[in-house]
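First comes the structure, then the notes that go with it.
The values are calculated or read from the model by the stated rules, or taken from the named source; none is laboratory data. This one's a predicted model, so the numbers in the text were calculated from it and none came from an experiment. Positions of Cβ are backbone-derived with ideal geometry, glycine not excepted, and every protein chain shown enters the neighbour counts. To get the accessible areas, we keep the full protein, side chains included, count just its heavy atoms, and leave off ligands, DNA and RNA. Shrake-Rupley method; radii C 1.70, N 1.55, O 1.52, S 1.80 Å.
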Amino acid sequence: MNDENYEVSILKIPDDTGYWLVRADGGRYYEDFFLNNFISISDNEITMDMIADCTKESFAGLTIEHYKNLYSDTYEKWNSQQIAHAASRTQKFIDEMKIGDLILVPSKKSAAFLIGTISSEVYEISPEELQSVSEVNYGINPSFKRRKVQWLKEVTRQEISEKLYWILSAHQTIFNLNNQKEHINQLLAPVYIQDDTCHGTIKISRSEGLNSNDWYDLYSLIKEKSDCSQGEVIIKSNVQSPGLIEFVTNNATTVLTVTTLLSGFLFGEVNFVGIKFKGVLPYFQSYKKEKLEMKKIQKELGMMDEDKKAKEIENERSQFELEKDREIWKMEKLEKEAERLRLRLQISSFDAGTVFEGQTQTDCEDNQNADIS
């Protein structure tokens, strides 16, 4: 085995994270949201001062009825349905969203989606600030009530789960996606942990479906590896192919080893000497550095010529024979089986979308972002 060591980081998503879809008026303000790091809601006539005054009058806090009254007083020509929808939208934006929540914003025709994390409380810009924006080649959002967002990545429509397709036809400006959080988390990183549970995802790209022998071999290898790691693994699969397979367990090491083993990433050539659990922003801020380190290791391993590999394998086998180390022999055998299965089913890790590098907002790092060793 190669003696090279590597410390791996796993994304740790806070358990109380909220998940929201926020529309950019059919994608019209998608670029403005992205380039200027914010989301917003309309109805400028409902000001933050009006909401604050209403809050002072209610010891129990604002309810949806308070918001409906604000809207009915301000927009007298609106019908009850318009008022109910607008009041609900504003209540979610003001009272239910919070710093650290994850945001999904669709582009025009939902061809792509921005994923980001809220980094500020609600603030309000003035009409003068809006008018001072210089001429640009994208649509300027006219709404005053806003929240700052740190954008993490952009994913394509093809990468999101089919179980999220219903959001493409929904028309609400803002709605809660907490019940679909696993499908959104899956887009953030190949391996993540939340609610003391670790999830890992691989992608099967073979065009034809998996037959019973394929499934048997896949499940057998996963079971053997999970037995070695002393962690029971729950498998969630998309029965279609190409498709995704997710591994779920409370043992992060088990998920990491199963995912890396099946996706072919480094195999046993590199020892994982440690795992760090990183909050959302630190994880993405270190993304480029860790990707470069992984590529360097893979390149170095790939440069080993076949003769050198053969000699190393022969030496290792001799050493194994002398030591009679069954566990090492078992791992070597497992890696060969995994490589054959990976090639046959065209398995790779599922690392969706494009990460935005260099967008660092240091003023919000203390909210959710300390490394957890």
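For region 91-158, what does the alpha-carbon gyration tensor say about shape, rounded, prolate or oblate, given a ≥ b ≥ c as the root eigenvalues, a/c under 1.5 as rounded, and a/b over b/c as prolate?
Oblate, since a/c reaches 1.5 and b/c is not below a/b.
For region 18-32, list residues with backbone N below 20 Å from a point placed 7 Å from the Cα of Glu96 toward its Cβ?
Within reach of a label on Glu96: 18-26.
Show me the ranking of peptides 164-171, 34-41, 128-135 by mean Cβ neighbours inside 10 Å, starting with the highest.
34-41, 164-171, 128-135
For Asp196 and Glu162, what does the FRET efficiency come to when R0 = 35 Å and r is the distance between their Cβ atoms, rounded to the nearest 0.05?
Efficiency, from the Cβ-Cβ distance: 0.80.
Beyond 12 Å, what share of the Cα-Cα pairs of region 186-225 is found? Please give it as a whole percent.
Tail fraction, whole percent: 70.
Of Tyr30, Tyr216, which has the most accessible area and how do the rest follow, probe 1.4 Å?
Ranked from most to least accessible, the order is Tyr216, Tyr30.
Would you rank Ser348, Ser58, Ser212 by solvent-accessible area, highest first, keeping every protein chain in place and using a 1.4 Å probe?
Output order, biggest surface exposure first: Ser212, Ser348, Ser58.
So if we plug the beta-carbon distance of Glu232 and Ile64 into 1/(1 + (r/R0)^6) with R0 = 45 Å, what FRET efficiency do we get, rounded to 0.05?
Taking R0 as 45 Å, the efficiency between Glu232 and Ile64 is 0.55.
Which entries in Lys68/Lys109; Lys68/Lys163; Lys148/Lys278; Lys98/Lys276; Lys203/Lys276 show an alpha-carbon gap greater than 28 Å?
Check vs 28 Å cut-off fails for Lys68/Lys109; Lys68/Lys163.
Give me the net charge of Glu246's neighbourhood, meaning all other residues with Cβ under 9 Å from the Cβ of Glu246; Lys, Arg count +1, Asp, Glu -1.
For residues surrounding Glu246, the net value is 0.
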